[in-house]
1. So B:LEU90 clears everything in (1) open to solvent by 40 Å² or more (accessible area, probe 1.4 Å); (2) within 30 Å of B:GLY185 (Cβ to Cβ) except one condition, right? Which one?
2. Looking at B:LEU228, B:LEU209, which one is farther than 19 Å from A:SER49 by Cβ and crowded, with 22+ Cβ neighbours inside 10 Å?
3. Residue check, A:SER260 against (1) free of Cβ contacts under 8 Å to residues at least 24 places away in the same chain; (2) open to solvent by 20 Å² or more (accessible area, probe 1.4 Å); (3) among the polar types (S, T, N, Q), all met but one. Which one?
4. Identify all residues within region A:110-153 that are closer than 26 Å to A:VAL238 by Cβ and surrounded by fewer than 18 Cβ atoms within 10 Å (Cβ to Cβ); write none if there are none.
5. Of all residues in region A:159-187, which are at pLDDT 90 or above, closer than 18 Å to A:VAL69 by Cβ and open to solvent by less than 40 Å² (accessible area, probe 1.4 Å)?
6. Taking region A:13-60, which residues are of a type in the set (D, E, K, R) and more than 20 Å from the chain's Cα centre (by Cα)?
7. Quick check on this structure: which one of B:LEU204, B:LEU243, B:LEU231 is out of contact with any Lys or Arg (no Cβ under 6 Å at 6 or more places or on another chain), within 18 Å of B:VAL71 (Cβ to Cβ) and at pLDDT 90 or above?
8. With the condition being closer than 30 Å to B:THR52 by Cβ, within 14 Å of chain A (Cβ to nearest Cβ) and in contact (Cβ under 8 Å) with a residue 24 or more places away in the chain, I'd like the helices (runs of 4 or more DSSP H) fully within region B:167-260 carrying at least 2 qualifying residues.
Amino acid sequence: MKKFWKINYILYRNAIRRDLKISLTVLTGSLVHLLDGVVSLAIVLIVYSKTDFLGGWNIYESLILIAFVQIIVTLHSSWTKRGTADFTEKYVRMGDYDFYLTKPFDPMLSVSISKPRVYNLIRLPFFVAIFAYSVCHLEYNLSIINWGWFILLFVASFILFYAIRILTISPAFWIVKSHSLLVITDRMQNIMKYPANIYPRFFILFFTTLLPIFAISYLPVKVLLFDPKLSYIIYVIVLTALFLFLARILWRAGEKRYGSASS
Amino acid sequence: MVYFKKSIKTNLPYSPNFFFTQILDLVFFLTFFYLWRSVYEDSDTLVISGYTLSGIITYYFATELVFRFDVIGAIYLNWDIWDGYFTNWLIKPIRLTFLYILDPIVEKTLVIILALPTILISYLIARNFLDLPSLSYFGLFLITVGFTFMFNILFNLMLHTLCFKHGDQDNNIELINYLSWLLAGAFFPLNFVPGILGKILEILPFKYLMYFPVNVFLGKYSPKEIVLGWLTMAVWMTIFYLLYKKIFRNGLKYYTGVGR
């Protein structure tokens, strides 16, 4: 564990050094990320200018949900997104995965954290502020118990998002290169941003079990805002463990398929 | 024609990738479909800013059609200049502008064909809410989309030529395109934006990228207004083309062919 954090520290330090050399590129990259967040927020504000409730949630509850999703996504986009993207697009096709296999560190984690993007964190303070602002404007107070469970589920959601990302990109071992694999988790973020009960039942069922993105967003926020049902909490934790296990199995199976040949 | 056929062949191995991406893009339509359905049901309102529920669902359906013509990632001028590959084209006896216009046309032809099942799925899901246009308005819509496509290509080519003097423009192009789609009404109709800001957005040329063609689909403009829109787009396209030509000619002086 100590080794993991030490490697992360070095990678982030190097990323900052690299980014400082290309400050203009970094600035425009950061603006794209910020704009993406602003657009999500603008849609919610426009929606609530036309209605008081969305799927039974008021504006502050929805803002908490959207901010929570953006915080999870931002942390991933800074930490694991580029590494996993390069894996899907290049490492298998060009044989670069060899480099990670030779390291004395878990290759799946090593690939994931290999390309941190510090500037992607620009959205983080913005959405933390929106989260805090919305919590302050709720008409009810959140208990310590709600917060406690929520923090636990925040960690679980973060890991579950990562596990789903690994599960969706691992087929790259077999199909060598596919940009569309990367798009899966990106597109799913659009669904996660709104309260699940605006969607039809089959949609909720699918996205709570087979591709459990509502377990990343909707359930943890529901536990924070409303009566924290123990069934939700156990479900999210068990699902996280299960998906992480499946991600590991699929990655290992993929590694056996990896031929190290380049094109 | 030779280049067109060759490009189709080059892109064909990537067609499963294109196809799967089109399927995933369905998420945008579905999210907006369920989002706005919920808004209209929760607010007990029949008309919001001039749009009925059918109107707004049709708006996003048409948005999905127009989005297929998004040229970002289908024009390679910036990358060619930046890595020096542009030299290969310079020494050939072909018109470069024509070539760079042809690239997105080829790619989008393939994308449109591969997107047909996705469009059909969208239609089947939302068919009870769609206000489809008459045949004549659908024809006007197709012509407008043609204009929009060229408008978008010339606008992006202009941005790509900045690479000659200012280096890699990838991030800038992405940023400007994202901003353009926002200002074009790709995420919500422009008249949903309240106050003076909404009025400014209607004056800016970005609306021709999305809001204008989509409202042609919805039959919100008279034929006279549509023709006026086409003329305005033609003026903007001429401006973009002239700027592109000027920056291109000046830019060539800075081109070293070394690459990065």
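1. (2)
2. When all the criteria are applied, what remains is B:LEU209.
3. For A:SER260, the exception is condition (1).
4. Across region A:110-153, the qualifying residues are A:LEU142, A:SER143, A:ILE144, A:ILE145, A:ASN146, A:TRP147, A:GLY148, A:ILE151, A:LEU152.
5. Across region A:159-187, the qualifying residues are A:LEU160, A:PHE161, A:TYR162, A:ALA163, A:ILE164, A:ARG165, A:THR168.
6. Within region A:13-60, A:ARG13, A:ARG17, A:ARG18, A:ASP19, A:LYS21, A:LYS50, A:ASP52 qualify.
7. Exactly one residue qualifies, and that residue is B:LEU243.
8. Numbers: elements: B:170-184, B:195-203, B:211-217, B:223-252.
Here the list reads B:170-184.
The values are calculated or read from the model by the stated rules, or taken from the named source; none is laboratory data. Keep in mind that this is a model prediction, so the values were computed, not measured. So basically every Cβ, Gly included, is an ideal-geometry build from the backbone, and we count neighbours across all protein chains shown. Side chains are part of the model used for accessible areas, which takes the heavy atoms of the whole protein and leaves out ligands, DNA and RNA. Shrake-Rupley method; radii C 1.70, N 1.55, O 1.52, S 1.80 Å.
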